[in-house]
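Just dropping this structure here.
The values are calculated or read from the model by the stated rules, or taken from the named source; none is laboratory data. Quick caveat: nothing in here was measured; it's all calculated off a predicted structure. Neighbour counts run over all protein chains shown; Cβ positions are idealised from the backbone, glycine included.
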Amino acid sequence: MSRMKLEKNKIGGQFFGGPSDRRESSRFPVKEEVRYRVLQSKTVQMTGAGKTLDMSSGGILFTTNEPLQPGRLVEISVNWPARLDGTCLLQLVATGRVVRSDAGAAAVRIERYEFKTRASQALAASA
């Protein structure tokens, strides 16, 4: 891959789109608060909080306090930066599998997601 092509795909100081990059969707640098729950047979095994580092339609990279085991099912809640109709706060709730993790971050491939409203927080913020 040419240097010019790599420069075009540079995001957040890292190069994407090289021969070893298997992503099917573009990643965007999004920095938002995240809460996560590691699940096993619908039971919560571990909880934590961090910040998203980047997101795409297929996955989320976020900071963690400790490594998450690859293959584990994780539910992630992200306070969404946009509002519904400009007034109602939103939260992205996604479920997926850990594809890689180290001491400071985990990458999760999204299997399903939905947006939920945060009406109680919106009412408190407007009061």
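Is it the case, given these coordinates, that GLY71 is modelled with pLDDT under 95, among the small types (Gly, Ala, Ser) and closer than 14 Å to GLU111 by Cα? Give the steps one after another, and end with the answer.
Numbers: modelled with pLDDT under 95: no; among the small types (Gly, Ala, Ser): yes; closer than 14 Å to GLU111 by Cα: yes.
Considered against the rule, which asks whether it is modelled with pLDDT under 95, among the small types (Gly, Ala, Ser) and closer than 14 Å to GLU111 by Cα, GLY71 comes out as no.
When the stretch 96-127 is examined, which residues are found to be surrounded by 13 or more Cβ atoms within 10 Å (Cβ to Cβ) and either farther than 28 Å from VAL38 by Cβ or at pLDDT below 90 (or both)?
Selection gives THR117, ARG118, GLN121, ALA122.
In the stretch 53-68, how many are more than 12 Å from ARG109 (Cα to Cα) and of a type in the set (Val, Ile, Thr)?
Going through the stretch 53-68 one residue at a time, the tally reaches 2.
Tell me yes or no: at least one residue of the stretch 64-75 is within 19 Å of THR117 (Cα to Cα) and surrounded by 12 or more Cβ atoms within 10 Å (Cβ to Cβ). Break it down into steps so the answer makes sense when it comes.
Of the stretch 64-75, the ones within 19 Å of THR117 (Cα to Cα) are 75.
Right, trim to surrounded by 12 or more Cβ atoms within 10 Å (Cβ to Cβ) and you get 75.
The answer is yes, given that some residue of the stretch 64-75 is within 19 Å of THR117 (Cα to Cα) and surrounded by 12 or more Cβ atoms within 10 Å (Cβ to Cβ).
Still on this model: When only residues in the stretch 29-52 that are within 9 Å of the chain's Cα centre (by Cα) and not in a loop (DSSP other than H, G, I, E, B) count, which is farthest from GLU111 (Cα to Cα)?
Filtering the stretch 29-52 for residues that are within 9 Å of the chain's Cα centre (by Cα) and not in a loop (DSSP other than H, G, I, E, B), the one farthest from GLU111 (Cα to Cα) comes out as LYS51.
Something else about it: For the stretch 32-60, how many residues meet the condition of being under 18 Å from PRO81 (Cβ atoms) and exposed (fewer than 13 other Cβ atoms within 10 Å of the Cβ)?
Final tally of qualifying residues: 2.
Matching residues to (1) at negative phi; (2) among the polar types (S, T, N, Q); (3) part of a strand (DSSP E or B):
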site: ASP54; (1), (2), (3): yes, no, yes
site: PRO67; (1), (2), (3): yes, no, no
site: VAL74; (1), (2), (3): yes, no, yes
site: TRP80; (1), (2), (3): yes, no, yes
site: ARG83; (1), (2), (3): yes, no, yes
site: GLN91; (1), (2), (3): yes, yes, yes
site: GLU111; (1), (2), (3): yes, no, yes
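Moving to a separate point now. Since VAL93 meets every condition but one in (1) surrounded by 13 or more Cβ atoms within 10 Å (Cβ to Cβ); (2) closer than 18 Å to SER25 by Cα, which condition does it not meet?
With respect to (1) surrounded by 13 or more Cβ atoms within 10 Å (Cβ to Cβ); (2) closer than 18 Å to SER25 by Cα, VAL93 is out only on (2).
Could you tell me which residue of the stretch 63-82 is farthest from ASP102 (Cα to Cα), considering only residues that are touching a residue at least 12 places away in the same chain (Cβ under 8 Å) and of a type in the set (A, V, I, L, M)?
Among them, the one singled out is VAL78.
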